[in-house]
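In what follows, a single structure is set out as structure tokens and then discussed.
The values are calculated or read from the model by the stated rules, or taken from the named source; none is laboratory data. Everything numeric in this text was worked out from a predicted model, so none of it was measured. Note that each Cβ is placed from the backbone with ideal geometry, even for glycine, and that neighbours are counted across all protein chains shown. Areas reflect the complete protein model, heavy atoms only, side chains present, ligands, DNA and RNA absent. Shrake-Rupley method; radii C 1.70, N 1.55, O 1.52, S 1.80 Å.
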Amino acid sequence: MIELKGIHKEFVNDEVVTKVLHGVDLKIEKGESIAIMGPSGSGKSTLMHILGFLDTLSKGTYHFDNKDVSSLDDDTLAQYRNKKVGFVFQSFNLLPKTSVWDNVRLPLLYSNQKVDPKVIDEAIKSVGLEHRKEHLSNQLSGGEKQRVAIARALVNKPDIIFADEPTGNLDSKSGIQIMEILQKLSNMGKTVILVTHETATAKYAKRIVKVKDGRIVSDEINKVITDGRTLNGNLK
Amino acid sequence: MRFDFRNYISVIKALKRNKMRSFLTSLGIIIGISAVIIIMSVGSGAHSLIANEIQAVGSDLIVVLPGASEEDGPPAAVMGISITTLTLDDVKAVERDVEEIADVAAYVSGAATVTWQNKVDDTSLSGVTSNYMQVEAGNELELGRFITKEESDTITKVAVLGASVAKELFGSMNPIDERIKINKESFRVIGLMKERGSSSFQDSDDKIFISITTAQKLMLGINHISMMRAKVVEGADVEFVLEKVKSTLREQHDIDDPAEDDFTVRSSEESLAMLEDITGALNYFLAMVAAISLLVGGIGIMNIMLVSVTESTREIGLRKAVGATSSNISNHFLIQTLILTSMGGLIGIILGVFIAFVISLIVNYLGYNWDFVISPSSIIIAVVFTIAVGLSFGWYPARKAAKLHPIEALRYE
């Protein structure tokens, strides 16, 4: 579904050029669950931004669903973000003082289609927050906020869900809950791309791609997948 | 640009999150718009006051003043300079030669100290001809009679009191046939005028009327008159009669060249037009000042919108991340500005109309004939200005928001 070839990315700031990615090749099939790992500054976030249509690449080609999407204009990128992908950020990024329901509905505001409110209810139900849908975002705990963010990422029925350090701002218990929800989505056939520097979080994915200094240094199948069972075993 | 009604809902929610700030931001517009409405309404009210005054005097009047005047400027006589070129002979000539004139009244005026027993009143003295009552509309007698033609042609010491003079000297007593002293000359009171109320510039109640001949010869020692007023017969063309009066007076004064006229003839309509010009210009000037306050209000809105864009940088980033295009974002902020300004405009219009209404109540209570007028043009000006301010001052912040890069916006601390 995704094919990157020789991706370079550089930022120009006050005529200082910073090279972040130096020729990244990556193939991701539909339904995969991948963790992109690496220390901060390795370029993993930039890679995710390019994959998620949040940023454009400087050199190379990006094929999405066999279509070349290497150089799309801003409005088309916005459409791809709206239809094809969903994001879960480390800092939740919910609309302040706004209900769970309205937060989840946000991507639908930009979809230019008539929206069935059931879709929103379903998304909220899939993260187990149907009893809190009228609550305001500031009345929720961190874990609940992140679940709202996942529901928001799901509501447009995207092909891929990107999760950028989804547990970074959470205590370990809520973190586990969030990872289980993401794992469940993956098991249901969604492509989940996780960006993290924590090995424990990465272990939930079936494939781990390690990035360092703007290059992929390893790409292997995760042999010890963390799931509900092993977790429960560990907790005992 | 495509507007989606769902945009409005999310925008209104965004404004509701900051109620106090939204209100304070609109305050500039509220004050500006209500100032425009009030000024334009007060201007129309003042205009109605003048129009009512002219109406009271009669719109079919021709006024002749001594001395030449610039085409549109006020005649010299108005400035308090006494010019002696107009006499009672001129009045008789106009009466005789211009058949389209129904009545001509002549006036002289001066100051008078009136005493009765131990009461003293300083008032203004009007020497008038007997047809004063026919020429000036709105005057009525309360008691007694007015000066007759015989009395106005001779030195006869009779007086008609204005309502407030009578009140000052006699209280509620009947003054008829009482003897009063005007500047030490003894007069007999023959009539009392009905109270007119202080309608505009001249207080018609604080006045005492005597025969014009008596005023000229006995009181002031002059031969000229201060003014004459002629009432045009119904249906006659005022402009035509005006020219006829002029040529009669030229003949009377042996003038060949109109540029050498030593008198000024005006119709009351012309005077009205002149006053309208003056009040109109003043009115527009004041409305301009109010419009400047709208401009300042607009700058205030732009300022707050820029703050709002900066504050919601992360939210803009998020909206872009979930698929909002640049025009979605710019519409969001443009609509937000428009809602703020329209709310301000609406409140401003309501407030302005209300204050203008209160002003008209107060002025009417003070006894002036003042109409409460809200012209449609003032509402249209207010609405157009509001939208123009919203669009022009909302454009820049909206553009700034739309240009934000999604990732940089999301990372904004």
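One residue is enough: does the range A:68-85 have a residue meeting the conditions on the phi > 0 side of the Ramachandran plot, open to solvent by less than 70 Å² (accessible area, probe 1.4 Å) and either more than 8 Å from every other protein chain (Cβ to nearest Cβ) or in contact with a Pro (Cβ under 9 Å, 6 or more places away or on another chain) (or both)? Even if it seems obvious, please write down each step before you answer.
Initial filter on the range A:68-85 (on the phi > 0 side of the Ramachandran plot): none.
Within the range A:68-85, none of the residues are on the phi > 0 side of the Ramachandran plot, open to solvent by less than 70 Å² (accessible area, probe 1.4 Å) and either more than 8 Å from every other protein chain (Cβ to nearest Cβ) or in contact with a Pro (Cβ under 9 Å, 6 or more places away or on another chain) (or both).
Looking for something in a helix (DSSP H, G or I), open to solvent by 10 Å² or more (accessible area, probe 1.4 Å) and farther than 30 Å from B:P66 by Cβ - is there at least one such residue anywhere in the range B:272-279? Break it down into steps so the answer makes sense when it comes.
As a first pass, look at the range B:272-279 and keep what is in a helix (DSSP H, G or I): B:272-279.
Narrowing the set further to residues that are open to solvent by 10 Å² or more (accessible area, probe 1.4 Å) leaves B:272-279.
Imposing the further condition that a residue be farther than 30 Å from B:P66 by Cβ reduces the set to none.
No, every residue in the range B:272-279 fails to be in a helix (DSSP H, G or I), open to solvent by 10 Å² or more (accessible area, probe 1.4 Å) and farther than 30 Å from B:P66 by Cβ.
Is at least one residue of the range B:333-345 within 14 Å of chain A (Cβ to nearest Cβ), surrounded by fewer than 24 Cβ atoms within 10 Å (Cβ to Cβ) and either in contact with a Leu (Cβ under 8 Å, 6 or more places away or on another chain) or part of a helix (DSSP H, G or I) (or both)? Give the steps one after another, and end with the answer.
From the range B:333-345, those within 14 Å of chain A (Cβ to nearest Cβ) are B:335; that's our starting set.
In the following step, the residues that additionally are surrounded by fewer than 24 Cβ atoms within 10 Å (Cβ to Cβ) were identified as B:335.
Those left that are additionally either in contact with a Leu (Cβ under 8 Å, 6 or more places away or on another chain) or part of a helix (DSSP H, G or I) (or both): B:335.
Within the range B:333-345 (the criterion being within 14 Å of chain A (Cβ to nearest Cβ), surrounded by fewer than 24 Cβ atoms within 10 Å (Cβ to Cβ) and either in contact with a Leu (Cβ under 8 Å, 6 or more places away or on another chain) or part of a helix (DSSP H, G or I) (or both)), the answer is yes, since at least one residue qualifies.
Given the criteria away from chain A (no Cβ under 14 Å) and closer than 30 Å to B:S48 by Cα, does B:I387 qualify? I'd like the intermediate steps shown before the answer.
On the way: away from chain A (no Cβ under 14 Å): yes; closer than 30 Å to B:S48 by Cα: no.
No; evaluated as a whole, the condition is false for this residue.
Can you name the residue in the range A:107-137 that is crowded, with 21+ Cβ neighbours inside 10 Å and facing chain B (nearest Cβ under 9 Å) and is also farthest from B:S326 (Cα to Cα) among such residues?
A:L108
Which of the residues belonging to the range B:133-155 are surrounded by 19 or more Cβ atoms within 10 Å (Cβ to Cβ), within 16 Å of B:E185 (Cβ to Cβ) and either β-branched (V, I, T) or not assigned by TED's automatic domain parsing to the domain that holds B:K217 (or both)?
B:I147 - this is the single residue of the range B:133-155 that is surrounded by 19 or more Cβ atoms within 10 Å (Cβ to Cβ), within 16 Å of B:E185 (Cβ to Cβ) and either β-branched (V, I, T) or not assigned by TED's automatic domain parsing to the domain that holds B:K217 (or both).
Mind checking which pairs have a first residue in the range B:312-323 that is part of a loop (DSSP other than H, G, I, E, B) and a second that is open to solvent by 20 Å² or more (accessible area, probe 1.4 Å), Cβ under 7 Å, 6 or more apart or different chains?
B:G323/A:Q79
What's the number of the only condition in (1) outside any helix (DSSP H, G or I); (2) touching a helix residue (DSSP H, G or I) at 6+ places or on another chain (Cβ under 9 Å); (3) away from chain A (no Cβ under 14 Å) that B:G367 fails to meet?
Status for B:G367: all satisfied but (2).
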